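What follows is a short report on a single structure.
The values are calculated or read from the model by the stated rules, or taken from the named source; none is laboratory data. Every value quoted in this text rests on a predicted model; they were computed, and no experiment measured them. Note: ideal-geometry Cβ built from the backbone for every residue, glycine included; neighbour counts use all protein chains shown. Calculation scope for accessible area: heavy atoms of the full protein, side chains included, ligands and nucleic acids excluded. Shrake-Rupley method; radii C 1.70, N 1.55, O 1.52, S 1.80 Å.
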Amino acid sequence: MNFPDEPTIRIIYWFIDTAGIGSIIVGLITVGILTAVGLTLNWIRRGALADESEVYTHPTPALTHHQPD
């Protein structure tokens, strides 16, 4: 082990190096990332399906002086 000889680093290495605890930690990180990605995609999907009218609250100069080609 090429880590600094500190008790905190040794405890962290012991937790991660243990097959059971290390795999649980990696699994929790993976589940957290997949949940965040899933929730983000769901949020984007719900935003795309939202029934929003494209009405401006007040006309802007770009809208009032726009001539269709």
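What are the pairs with Cβ atoms under 9 angstrom where one residue, in segment 21-34, is surrounded by 11 or more Cβ atoms within 10 Å (Cβ to Cβ) and the other, located anywhere, is of a type in the set (A, V, I, L, M, F, W, C)? Sequence gap at least six, or different chains.
Hits for this filter: Ile21/Trp14; Ile21/Phe15; Gly22/Phe15; Gly22/Ile16; Ile25/Phe15; Ile25/Ile16; Val26/Ile16.
Need the failing condition index for His58 against (1) open to solvent by 80 Å² or more (accessible area, probe 1.4 Å); (2) modelled with pLDDT of 85 or more, just the number.
Among (1) open to solvent by 80 Å² or more (accessible area, probe 1.4 Å); (2) modelled with pLDDT of 85 or more, the lone unmet condition for His58 is (2).
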